[in-house]
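Structure record follows, encoded as structure tokens.
The values are calculated or read from the model by the stated rules, or taken from the named source; none is laboratory data. Just so it is clear, the structure is predicted and the values come from calculations on it, not from any experiment. Don't worry about glycine lacking a Cβ; one is built from the backbone with ideal geometry, like all the others, and counts go over all protein chains shown. All accessible areas refer to the heavy atoms of the entire protein, side chains included, with ligands and DNA or RNA removed. Shrake-Rupley method; radii C 1.70, N 1.55, O 1.52, S 1.80 Å.
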Amino acid sequence: MRTVYPLVRYREPGKAVDWLVQAFGFEVHELVKGEDGDVRHAELIVGTGMVMTGQGEPGGPGVYIAVGDLDAHHAGAAEAGAEITMEPADQPYGSRDYACKDPEGNEWFFGTYRP
């Protein structure tokens, strides 16, 4: 069995990591820097999982991450400048979700759903 790690691309991964830590409370597990000292790749701890960031053009599939206190999480993301694309709402499948975009336009989905 293999583990799947979502990969999110950023034009400037170093700035993105700082923002993700501030806005979403992620923890930095590992940073890989290029010869110029700029961050090229990062592994961030998210609950019991991991999200990887890499250098490239933003966009692509979204990432869904389960959180404990959705409303507090939403408030932290909004305060950090996330563009809220879906306000917190109860879903028919039993979760409470919200969605936002980070400063480079990557969409993130957060909710209370736990499989």
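Working note: Debye formula, equal point scatterers on the alpha-carbon atoms of the chain, no solvent; log10 I(q)/I(0) at q = 0.09, 0.17, 0.18 Å⁻¹ is -0.23, -0.81, -0.90. Measuring nothing but protein heavy atoms, the accessible surface of region 18-64 at 1.4 Å probe radius is 48 percent carbon and sulfur. Using a simple spin-label model with pseudo-atoms 7 Å out from Cα toward Cβ, R11 and E79 lie 2.8 nm apart. In this Cβ point-charge picture (+1 for Lys and Arg, -1 for Asp and Glu), the chain has a dipole of about 380 debye about its Cα centre.
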